[in-house]
Amino acid sequence: MTELMPQEVIENKIYMIRGHKVMLDSELARLYGVKTKNLNKAIRRNMERFPKDFMFQLTPGEFKSLRFQFGTSKEGRGGRRYLPLVFTEQGIAMLSSVLQSRRAIQVNIAIMRAFVKLKAILSTHKELAHKLDELERKIEKHDTEIRSIFEAIRQLMAPPPVKPRVITGFKPV
């Protein structure tokens, strides 16, 4: 199965929409080796398995912004007639219970591995960003300390202020 479906191919089909990592119904159908129409029929027959946090339909604006990423044809030129459904990681896992073929099981395993890999990459990036923030704060703190040291050195290097001389003694009349 891995020869048929490299991990990178699956990873490139995962999009971030509404704060969720999701895959399109058409991409999943292609991976499962079925028509999008048949995949969606199977889903409609089992809607109770797909709550809103497992699957949702894209808005026209979301679909339009994604069109350039996955290269579908324009409306009226043989493209989709309906807005696509997208599936979160849990929704994709639920698909294996709806599509009961060997290929569906193998595809689900490959997709779950891709999601796990993406989570690891994202957590690494979050840790790195956190460490960079900490380092930046330390540098800023050290920057102010270094500036105050330089200021103290400049004050020490400056000539002492000249005091006005007070003449003591007798004043001529």
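For the range 92-119, how many residues meet the condition of being among the small types (Gly, Ala, Ser), assigned to a helix (DSSP H, G or I) and at pLDDT below 80? Outline the logic, then answer.
Applying the first criterion (among the small types (Gly, Ala, Ser)) to the range 92-119 yields 93, 96-97, 101, 104, 110, 114.
Still in the list and also assigned to a helix (DSSP H, G or I): 93, 96-97, 104, 110, 114.
Pick out the ones that are also at pLDDT below 80 and you get 96-97, 104.
The total comes to 3.
Tally the residues that are surrounded by 13 or more Cβ atoms within 10 Å (Cβ to Cβ) and assigned to a loop (DSSP other than H, G, I, E, B), restricting the search to the range 6-45. So the count comes out to 4.
Only residues that are of a type in the set (Phe, Trp, Tyr) and closer than 17 Å to Leu118 by Cβ were counted across the range 4-60, and they come to 1.
Under 27 Å from the mean Cα position of the chain (by Cα) and part of a helix (DSSP H, G or I): is that true of Leu156 in this structure? Don't jump to the end; show me each part of the working.
Details: under 27 Å from the mean Cα position of the chain (by Cα): no; part of a helix (DSSP H, G or I): yes.
No: the conditions fail for Leu156.
Within the range 81-98, if we keep just the residues that are more than 19 Å from Glu62 (Cα to Cα) and polar (S, T, N, Q), the residue that is surrounded by the most Cβ atoms within 10 Å (Cβ to Cβ) turns out to be Ser96.
Look at the range 108-133: where a residue is touching a residue at least 12 places away in the same chain (Cβ under 8 Å) and within 27 Å of Leu28 (Cβ to Cβ) and a partner is of a type in the set (Asp, Glu) and surrounded by 12 or more Cβ atoms within 10 Å (Cβ to Cβ), sitting 6+ places away or on another chain with Cβ atoms under 8 Å, you get Met112/Glu89; Ala114/Glu11; Phe115/Glu89; Lys117/Glu11; Leu118/Glu11.
Scanning the range 46-67 for residues that are under 15 Å from Ser96 (Cβ atoms) and either exposed (fewer than 12 other Cβ atoms within 10 Å of the Cβ) or of a type in the set (D, E, K, R) (or both) yields a single hit, Arg49. When the range 99-132 is limited to residues that are touching a strand residue (DSSP E or B) at 6+ places or on another chain (Cβ under 9 Å) and not aliphatic (A, V, I, L, M), the one that is surrounded by the fewest Cβ atoms within 10 Å (Cβ to Cβ) turns out to be Lys119.
The values are calculated or read from the model by the stated rules, or taken from the named source; none is laboratory data. Everything numeric in this text was worked out from a predicted model, so none of it was measured. Neighbour counts run over all protein chains shown; Cβ positions are idealised from the backbone, glycine included.
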